[in-house]
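Read the structure below first, then the notes.
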Amino acid sequence: MIVWVNGAFGSGKSTLVDELRPRWPEALVYDPEMVGYVLREIVEVPTGDFQDLRLWRRQVANLAVGLVEEYRRPVLVPMTLVNPNYVSEIFSALRGAGIDVHHFFLKVSREVLERRIDGRIHAPDDPEREERVRRWCKDRIEPCMAAADTLPSDTEFLNGELIPQELADQVLARIGAGPG
């Protein structure tokens, strides 16, 4: 089983997965951003977004399938994925491998997203890079919010402004993995 936690940057994906992890100890955590970071070291990313690389999408799906098949454990995936073609491509590959995918999307207001993004430190020793990262995240708020209407019909929407414990309760209850 894969539990994909989706939402805009600052919506609380990683925070929710951090809350789920000790409550669901058999689950593995897989962050597809790491695949993107590796690819950036090897090839140019013309658009600046590694999700636009077909190889990134293929490797994200392949590694997720491999984790489930090799370790026979559930996998938690905190990753913003809103391009409908990319969602379809990756989720089709996962389901095609016989994996049960639970897709959650954290809905959060623009104001809260901006406050959370501003509250993070990405590059403490590089103020210019820090500002670029914040701007990049903020520039993607609107497309991420708009994409909610294009996500697969089985996507479960959660109020990302709830406290992480409540969100974790909801996720565990919906996937049948614990009390909630």
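The values are calculated or read from the model by the stated rules, or taken from the named source; none is laboratory data. Computed from a predicted structure; not experimentally measured. Using ideal geometry, Cβ is built from the backbone for each residue, glycine included, and neighbour counts are taken over all protein chains shown. These accessible areas exclude ligands, DNA and RNA; they are computed on the full protein's heavy atoms, side chains included. Shrake-Rupley method; radii C 1.70, N 1.55, O 1.52, S 1.80 Å.
Check whether at least one residue in the range 38-51 is open to solvent by less than 70 Å² (accessible area, probe 1.4 Å), among the charged types (D, E, K, R) and modelled with pLDDT of 95 or more, and report yes or no. Within the range 38-51 (the criterion being open to solvent by less than 70 Å² (accessible area, probe 1.4 Å), among the charged types (D, E, K, R) and modelled with pLDDT of 95 or more), the answer is no, since none of the residues qualifies.
Remark: pairs (first residue in the range 76-90, farther than 28 Å from Pro22 by Cβ; second residue hydrophobic (A, V, I, L, M, F, W, C) and outside any helix (DSSP H, G or I); Cβ separation under 6 Å; 6+ apart in sequence or on different chains) = Val87/Leu81. For the range 4-37, enumerate the residues that are open to solvent by 80 Å² or more (accessible area, probe 1.4 Å) and aliphatic (A, V, I, L, M). The answer is Met34, and nothing else. Applying the criterion of at least 1 residues that are closer than 20 Å to Tyr30 by Cα to the helices (runs of 4 or more DSSP H) found wholly in the range 74-180 leaves 84-96, 164-175. Filtering the range 52-101 to residues that are within 22 Å of Ala177 (Cβ to Cβ) and open to solvent by 50 Å² or more (accessible area, probe 1.4 Å) leaves Leu63, Glu69, Glu70, Tyr71, Arg72, Arg73, Arg95, Gly98, Asp100. Thr150 fulfils the conditions (1) of a type in the set (Val, Ile, Thr); (2) open to solvent by 60 Å² or more (accessible area, probe 1.4 Å); (3) in contact with a strand residue (DSSP E or B) (Cβ under 9 Å, 6 or more places away or on another chain) except for a single criterion, (3).
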